[in-house]
Amino acid sequence: MRLGLIVGLAAGASACANPFKSAPVDPSSPVAAAVASAAKTSGPRRKLSEIPAIPSDIPSAGQIRKAVAQQRAAGDALSRATAPGTWELKETESYAAKARREVTPPAFEAPTETDRANTEAFARAARGRASAPPSQPQ
């Protein structure tokens, strides 16, 4: 069984594409020449000492799980706390009808001659105080 597993893995690995082989470039592409030259140019080799250290402040799976559980519990508590305060707007017509019954609109009165004279006096006084804005020199 081990031999079959090893042969199967070797056959599968050999059937895979070579990741180090350059992919074919369409010669009609406007960037074909730049791609070919970039594929032939090798970059600088990195040293093992240049690999950054593994960060130490990454939370573990257990810490993330605990934080998610706390957040869900806080959300559920907020939903329970605000549920009694939620409401829907219902039966608006009966409320509006009641408000209309309780409100007495003012009776319309035609303006009198005194009202017209007061309005005209106010307009005359406003025109007397008005002045044109200063003109801008050009």
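All of the numbers you see were taken from the coordinates with simple rules; none came from a lab. These numbers come from a predicted model, not from an experiment.
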- request: Express in nm, to one decimal, how much length is gained between ARG116 and ALA38 on full extension, taking 0.36 nm for each residue of separation and deducting their alpha carbon distance.
  value: 19.1 nm
query: In whole Hz, what ³J(HN,Hα) sequence does region 50-61 give by Karplus (6.51, -1.76, 1.60; θ = phi - 60°), x for Gly and Pro?
result: 8, 6, x, 5, 5, x, 9, 9, 7, x, 7, 4
message: Can you compute 3J(HN,Hα) from phi for each residue in region 99-116, using the Karplus curve 6.51 cos²θ - 1.76 cosθ + 1.60 with θ = phi - 60°, rounded to whole Hz and x for Gly and Pro?
response: 5, 5, 5, 7, 8, 10, x, x, 6, 7, 10, 5, x, 8, 5, 5, 4, 5
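How much length, in nm to one decimal, is gained on full extension between LYS47 and THR92, taken as 0.36 nm per residue of separation minus their Cα-Cα distance?
8.7 nm
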task: List the extent of the Cα atoms of region 58-138 along each of their three principal axes, largest first, rounded to whole Å.
output: 84, 60, 16
